[in-house]
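The values are calculated or read from the model by the stated rules, or taken from the named source; none is laboratory data. Computed from a predicted model, the values in this text were never measured in an experiment. Methodologically, a virtual Cβ is constructed for each residue, glycine included, from the backbone with ideal geometry; neighbour enumeration extends over all protein chains shown. Accessible surface is based on the protein model in full, side chains and every heavy atom, while ligands, DNA and RNA are left aside. Shrake-Rupley method; radii C 1.70, N 1.55, O 1.52, S 1.80 Å.
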Amino acid sequence: MVDKKLEAKLDLLCVDLLELVHEIDKTKREQEDHMKEGYLCLAKARYEIGVDRVSQLQYPSEMIASVTVDRKTDQEVDQLEIIHGSRLEQKQENPEEEATLRKRNKTNDRKEQEIDPVKEGKSIGDVSQLTPSINPIHWFGFLVPRALRLAQESFSKAIEDSCALCNLQSRYEHTLTEYRKSRTRQKELDDKLTQDGAPEPETS
Amino acid sequence: MASSRSGKLLAVIGDEDTCTGFLLGGIGELNKHRHPNFMVVEKDTPTNEIEEQLKKFLNRQDIAIILISQSIADVVRHVIDAHVEPIPTILEIPSKDAPYDPSKDSILRRAKGMFSAEDFR
């Protein structure tokens, strides 16, 4: 009876593994399609406004991410979730998280946070020097071609696909580990039955 | 609720277009030490620089996902294979020059050898 249950579990795990592999392949192809779209739009934008206007030369010297991931640990397998909203805003909401060594005078902390909450997320410059969280598209100018906006949309979708792929990968690794443990257990039971001289249980 | 309070970053290692695209998507950041979470790899970028940067990303506590072009991942495969922790997750992505090749993907390659003849006895 135990063996039958184990076999049923192995069957389910096999099916799960194959479904996950299929899902991973499908999501990778979707990600590739979004990225191809993005590359094409970047090329169109370069054609419209110039090669150097859409290149690493336009990257600013100050950058804050507006897309991050949050790790959820309340499920069997840790899952990652995309968060939209700058890290600057996150740090303003949770200023106590950034325990900087420069917080020597506790009485001034609150004032510093009120006057200059931005400093929690930055180590240099005063508020006037720091750029607030802005749309990265503005690094390339304020009147940007439509192709650049489309490129941004495509890569945003690619980022979501990336997060989904990481979650699928984690689930795949977890399921594979479970499968291998169950398989090892089944082999141990089979070996034990063989040693005891009992006939092998029917598999059908 | 069992979840982290602040978001973690996505890092990217790829050619200029790949980095520009993902940075447009909003993942780019320079941390308080002015270290970026991206690396633009040119044709003449030495392998040891890519290795070093990947190792730096792997050691950073504020990065949850590392996106790396598949063609670049092939060059630093030994570093990727040696990484077994779940976080940060290394994800191989296609690039303009190297479209998605399932035969080279690390997960799908392992899936090929998932079952042996003995499994079906």
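Is it true that A:Glu30 is under 18 Å from B:Glu16 (Cα atoms), open to solvent by 70 Å² or more (accessible area, probe 1.4 Å), touching a helix residue (DSSP H, G or I) at 6+ places or on another chain (Cβ under 9 Å) and modelled with pLDDT of 95 or more? No; evaluated as a whole, the condition is false for this residue. The residues of region A:1-27 that are of a type in the set (Lys, Arg) and surrounded by fewer than 14 Cβ atoms within 10 Å (Cβ to Cβ), listed by number, are A:Lys4, A:Lys5, A:Lys26.
The residue list A:Asp78, A:Asp70, A:Asp74 contains one member that is touching an Asp or Glu at 6+ places or on another chain (Cβ under 9 Å) and at the interface with chain B (Cβ under 10 Å from one of its Cβ atoms), which is A:Asp70.
A Cβ distance below 6 Å, combined with a sequence gap of six or more or placement on separate chains, defines the contacts here; from region A:30-55, residues that are over 23 Å from A:Gly141 (Cβ atoms) reach residues that are modelled with pLDDT under 95 and crowded, with 16+ Cβ neighbours inside 10 Å in the pairs A:Glu32/B:Pro94; A:Glu32/B:Tyr100.
Among the candidates B:Glu85, B:Glu29, B:Glu49, the residue that is over 12 Å from the mean Cα position of the chain (by Cα) and modelled with pLDDT of 95 or more is uniquely B:Glu49.
Across region B:99-113, the number of residues qualifying as assigned to a helix (DSSP H, G or I) and either touching an Asp or Glu at 6+ places or on another chain (Cβ under 6 Å) or surrounded by fewer than 20 Cβ atoms within 10 Å (Cβ to Cβ) (or both) comes to 5.
Against the definition (open to solvent by 70 Å² or more (accessible area, probe 1.4 Å) and over 23 Å from the mean Cα position of the chain (by Cα)), how does A:Lys192 come out, yes or no? For A:Lys192, the condition - open to solvent by 70 Å² or more (accessible area, probe 1.4 Å) and over 23 Å from the mean Cα position of the chain (by Cα) - is met. Taking region A:58-90 as the range and being at pLDDT below 90 and assigned to a helix (DSSP H, G or I) as the test, the residues that pass are A:Arg87, A:Leu88, A:Glu89, A:Gln90. Only one of the numbered conditions (1) within 7 Å of chain B (Cβ to nearest Cβ); (2) modelled with pLDDT under 90 is not met by A:Lys4, and that is (1). Checking each residue in region A:92-106 for being more than 7 Å from chain B (Cβ to nearest Cβ) and either assigned to a helix (DSSP H, G or I) or at pLDDT 90 or above (or both) picks out A:Gln92, A:Glu93, A:Pro95, A:Glu96, A:Lys106. If you scan region A:152-172, which residues turn out to be open to solvent by less than 10 Å² (accessible area, probe 1.4 Å) and farther than 18 Å from B:Ile68 by Cβ? Answer for region A:152-172, where residues must be open to solvent by less than 10 Å² (accessible area, probe 1.4 Å) and farther than 18 Å from B:Ile68 by Cβ: A:Ser154, A:Tyr172.
Applying the criterion of at least 1 residues that are among the charged types (D, E, K, R), open to solvent by less than 30 Å² (accessible area, probe 1.4 Å) and at the interface with another protein chain (Cβ under 10 Å from one of its Cβ atoms) to the helices (runs of 4 or more DSSP H) found wholly in region B:13-98 leaves B:16-24.
Checking A:Ser154, A:Ser170 one by one, the residue that is facing chain B (nearest Cβ under 8 Å) and modelled with pLDDT under 95 is A:Ser170 and no other.
Applying a threshold of 8 Å to beta carbon distances and a minimum spacing of six or more residues, or different chains, the list of pairs starting in region B:19-43 at a residue that is touching a residue at least 40 places away in the same chain (Cβ under 8 Å) and within 14 Å of A:Ser162 (Cβ to Cβ) and ending at one that is part of a helix (DSSP H, G or I) and of a type outside the set (Gly, Ala, Ser) reads B:Phe22/A:Phe155; B:Phe22/A:Ile159.
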